[in-house]
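Let me give you the structure first, and then I'll get to my questions.
The values are calculated or read from the model by the stated rules, or taken from the named source; none is laboratory data. Nothing here was measured: the structure is a model prediction, and the numbers come from that model. Every residue, glycine as well, gets a Cβ built from its backbone with ideal geometry; the counts of neighbours run over all protein chains shown. These accessible areas exclude ligands, DNA and RNA; they are computed on the full protein's heavy atoms, side chains included. Shrake-Rupley method; radii C 1.70, N 1.55, O 1.52, S 1.80 Å.
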Amino acid sequence: MHLSVQGWFRQGFFLWPLWCPSDPPCPAHCFTTGRFLPFVALHLIIFYVSAAFIFILRRKNKWPEHTGFDPSFDQTFYIAWHMPMMVMAFPLGLMAIMAGREVWLTGDRFMEYGYISDPLVSEIGTWFICFIAVDAVLMMMHRLGGKEIYLHHAIFSAGAVFWIRHCCAPLTMCILMTQELSTPWLNLFTLCRAYKGLSSIWTQGSFLIFAVLFYIFRVFFNTFCTVHFLCEVLHGFWGSPALRMPRWEGVASALIMLAQWFLQLFWARKIALKFYHSIQNREAT
């Protein structure tokens, strides 16, 4: 098997290699040809190189001590766990925005929910599935994360089964992938809180940016995406279905969409409460 760059994603000065074959543009084909391996390699390299770097600095007493707010930061692998998506989320999210925009502008239901025709959508879907899979393995190997993140990965893994199998619904796939644009700021906030404390301007600033992006992509656009998908599934019961999967799988996908939407709303409530309490504390002081 020979792995080579299949093309380039260009947006202004930003340039990123594309690995999945364009014919056919389907995540399943990218997996069967082995061209998903660069995504796995990138994730593992960032994680383990970060872990090695942190480990060496700790041995030399040059890594800062955390505030004790979260004892998990005693673990080198837990710190390194925050690094991959601080690198990967921007190109993944940017590609999702541009590909989703192209699909939406067609105004055609059969382009939005039919078979994937844009290789960029296949790239996005393959990369995200690889992220979920690799991250889940790392979490289990090194005992990272909590119940909520395991639930998140389980929901999206279930949805990925249908996307890989049928290679359809590019609009839904793109909008869901844009949610990852908030992840680097969540990770930065978590790191700043652990090492600089809640009173730091870096901690507060990163939390504010994360909260804004969370509500834009994981609440507003996600709500639109979920309602739009549900309407398409319902439309398939009495009209011409554009969603290229059996009816029962469409219903199952709709339930998965609702599950991830409720999870995001659950997190949105927690973010709003934290923001409210921080304002109250500031007024009290």
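What accessible area per residue comes out for the chain, rounded to a whole number of Å², with a 1.4 Å probe? Intermediate values should be presented prior to the final figure.
Values: 14520 Å² over 285 residues.
It amounts to 51 Å² per residue over the chain.
So, with +1 on the Cβ of K and R and -1 on the Cβ of D and E, and no other charges, what is the size of the charge dipole of the chain about its Cα centre, to the nearest 20 debye?
In debye, rounded to 20, the chain gives about 740.
Trypsin sites (Lys or Arg not before Pro), restricted to the range 100-185: which are DSSP loop and have at most 15 other Cβ atoms within 10 Å? The partial results should precede the final answer.
On the way: sites: ARG101, ARG109, ARG143, LYS147, ARG165; in loops: ARG143.
Taking the range 100-185 and a limit of 15 other Cβ atoms within 10 Å, the loop trypsin sites (Lys or Arg not before Pro) found are ARG143.
On the accessible surface of the chain, probed at 1.4 Å, how many percent belong to carbon and sulfur atoms? Numbers along the way, then the final one.
Details: 9980 of 14520 Å².
Carbon-and-sulfur percentage of accessible area, whole number: 69.
Can you give the net charge of the other residues whose Cβ lies under 14 Å from the Cβ of ASP118, counting K and R as +1 and D and E as -1? Mind showing how you got there, number by number?
On the way: positive: ARG101; negative: ASP23, GLU102, ASP108, GLU112, GLU123.
The answer is -4.
Once amide H atoms are placed 1.01 Å from N in the peptide plane, what residues at a sequence separation of 5 or more from CYS168, or on another chain, have their amide H within under 5 Å of its amide H?
ILE116
Helix check for the chain. Which DSSP H runs span at least 30 Å along their own axis by Cα, with a mean Kyte-Doolittle hydropathy no less than 0.5? Each step should come with its number before you reach the end.
Values: long enough: 37-59 (32 Å, 1.84); 84-106 (34 Å, 1.23); 119-142 (34 Å, 1.52); 247-284 (55 Å, 0.17).
Answer set is 37-59, 84-106, 119-142.
May I ask you to derive the FRET efficiency for SER157 and ASP108 from their Cβ-Cβ distance with R0 = 41 Å, giving the value to the nearest 0.05?
Values: r = 29 Å, r/R0 = 0.71.
It comes out at approximately 0.90.
Rounded to the nearest 10 Å², what accessible area does LEU3 have for a 1.4 Å probe in the complete protein model?
Only protein atoms counted, so the area is about 60 Å².
Under 15 Å from the Cβ of CYS30, count the other residues' Cβ atoms, weight Lys and Arg +1, Asp and Glu -1, and hand me the total.
Details: positive: ARG35, ARG165; negative: ASP23, ASP118, GLU123.
Its environment carries a net charge of -1.
While we're here: For TYR276, TYR48, what's the largest-to-smallest order of accessible area, 1.4 Å probe?
On the way: TYR276 120, TYR48 85 Å².
Accessible-area ranking of TYR276, TYR48, largest first: TYR276, TYR48.
Anything over 26 Å Cα to Cα? Flag those among LYS60/LYS274; LYS147/LYS270; LYS62/LYS270; LYS60/LYS147; LYS62/LYS147, in the order listed.
LYS60/LYS274; LYS62/LYS270; LYS60/LYS147; LYS62/LYS147
Let me ask another. What's the extension gain from LYS62 to LEU198 if we count 0.36 nm per residue and subtract their Cα-Cα distance?
Extending this stretch completely gives an extra 46.7 nm.
How would ILE97, ILE201, ILE116 line up by accessible area, probe 1.4 Å, largest first?
Working: ILE97 65, ILE201 125, ILE116 15 Å².
Putting ILE97, ILE201, ILE116 in descending order of accessible area: ILE201, ILE97, ILE116.
Among MET86, GLY68, GLY107, flag the residue with its Cα farthest along the positive direction of the charge dipole of the range 61-115, charges on Cβ as +1 for Lys/Arg and -1 for Asp/Glu.
Looking along the dipole axis, the top candidate is GLY107.
Same structure, new question: Under the Cβ-under-4.7 Å rule, which cysteines of the chain stay unpaired?
CYS130, CYS168, CYS174, CYS192, CYS225, CYS231
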